[in-house]
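S.K.: Starting off with a structure, shown below.
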Amino acid sequence: MTPPLHVLWVGAAAPDLSATDYGPFDVQSCASLELAAQALRDTAHDALLLWLAPGMAAALGDWQALSHAVLDAAVVVVAPDLARALATALTQRGVQDLLPQASADPGTLARVLHLAVERKRLERAARKAYATDLSTGLPNHAQLLEHMTHLLALREREPAPMALLVLRIEGLSTTERTLGSEAANVLRRKLAVRVRAGLRASDVVASIGNDAFAVLLAWIDAPDDALRVAGKLALSLQQPVRVASQDQAVAVAVGVSQYPEHGRQADELLRRAIGQATGNPSMGRAGFANRVERGGSSAANDED
């Protein structure tokens, strides 16, 4: 028997999809984007359907949990109106499909959800074939999970504490709007270099989306070490970066998960850290125009 597709439905009441040829579906409903962000932190889903009320489509572009959602789920947006520029921007952020509400009958919705999940599975398979994020040169999301899985298997045989940090970056879209997409890519690369420079050679840095980095601390001496490293990295990233002869500054939100306290599976630890980074307030950017770039710093894992 075909297992059901797990769908998180946000907005209007979900219709009955059981009578279609594209099921079965297991639908979880919630009323708002805020509740959806919490549900994404708690449970993995095959698909996320966002049924938007009039005027909400533009706000979706600033929804922080969208970057988290598109990593794990096939995201489908249903809206009364979607301007071409906004539809293009959402697609570039990883949304699988967009549908006008006028044509969103149960049969169409079931077909769109089923095919979006299939496309997401193909996308994951393609990503596994390429272990590197081409923009930054860092390992990508799939490669990070593979590395974590191997390391966690070792930790089960030889127990030792380890931690995963997620650094969510705000400000890249501002650079893209003002200086263009290539400048935003340059900024991402420079931020990636800064993260890598602040760590030990044994630590792993990965790109897990357009606006987030993950840091795997393969071993830590004490639980407070992870928070200390996260704080130092966040402070480093808040220093302005020179791009196209202009100072660009970003804000940073941090999420932390630790093995074994917060989980023993790679996806479980990553989901928790991403959820924290999505929900936590960002730090930085205030008064950045008056700050100057500093020189090199010691590794964040080094003692003060």
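S.K.: Looking only at region 89-132, count how many residues are within 23 Å of PRO54 (Cβ to Cβ) and over 19 Å from the mean Cα position of the chain (by Cα).
M.R.: Here the count works out to 13.
S.K.: When you check ALA163 against the structure, is it assigned by TED's automatic domain parsing to the domain that holds LEU217, touching a strand residue (DSSP E or B) at 6+ places or on another chain (Cβ under 7 Å) and not in a strand (DSSP E or B), yes or no? Show your work before the answer.
M.R.: Working: assigned by TED's automatic domain parsing to the domain that holds LEU217: yes; touching a strand residue (DSSP E or B) at 6+ places or on another chain (Cβ under 7 Å): yes; not in a strand (DSSP E or B): no.
Here the answer is no, as ALA163 does not meet what is asked.
S.K.: Applying the selection to region 229-260, what residues are outside any loop (DSSP other than H, G, I, E, B), surrounded by fewer than 21 Cβ atoms within 10 Å (Cβ to Cβ) and hydroxyl-bearing (Ser, Thr, Tyr)?
M.R.: SER236
S.K.: Next up: Please go through region 75-114 and give me each residue that is at pLDDT below 90 and among the acidic types (Asp, Glu), ordered by number.
M.R.: Answer for region 75-114, where residues must be at pLDDT below 90 and among the acidic types (Asp, Glu): just ASP81.
S.K.: When the residues of region 36-50 are filtered to those that are closer than 17 Å to VAL117 by Cβ and buried (at least 21 other Cβ atoms within 10 Å of the Cβ), which remaining residue is modelled with the lowest pLDDT?
M.R.: LEU40
S.K.: Farther than 21 Å from ALA44 by Cα, among the aliphatic types (A, V, I, L, M) and touching a helix residue (DSSP H, G or I) at 6+ places or on another chain (Cβ under 6 Å), is that true of ALA192? Let's see the steps before the verdict.
M.R.: Values: farther than 21 Å from ALA44 by Cα: yes; among the aliphatic types (A, V, I, L, M): yes; touching a helix residue (DSSP H, G or I) at 6+ places or on another chain (Cβ under 6 Å): no.
Here the answer is no, as ALA192 does not meet what is asked.
S.K.: Counting only residues that are among the basic types (Lys, Arg) and outside any loop (DSSP other than H, G, I, E, B), which one in region 186-228 is nearest to GLN276 (Cα to Cα)?
M.R.: Narrowing region 186-228 to residues among the basic types (Lys, Arg): 188-190, 194, 196, 200, 228.
Add one more test, that the residue is outside any loop (DSSP other than H, G, I, E, B), and what stays is 188-190, 194, 196, 228.
Values: ARG188: 21, ARG189: 24, LYS190: 24, ARG194: 22, ARG196: 21, ARG228: 16 Å.
Out of the qualifying residues, it is ARG228.
The values are calculated or read from the model by the stated rules, or taken from the named source; none is laboratory data. Keep in mind that what you see is a predicted model, and the values were worked out from it rather than measured. Don't worry about glycine lacking a Cβ; one is built from the backbone with ideal geometry, like all the others, and counts go over all protein chains shown.
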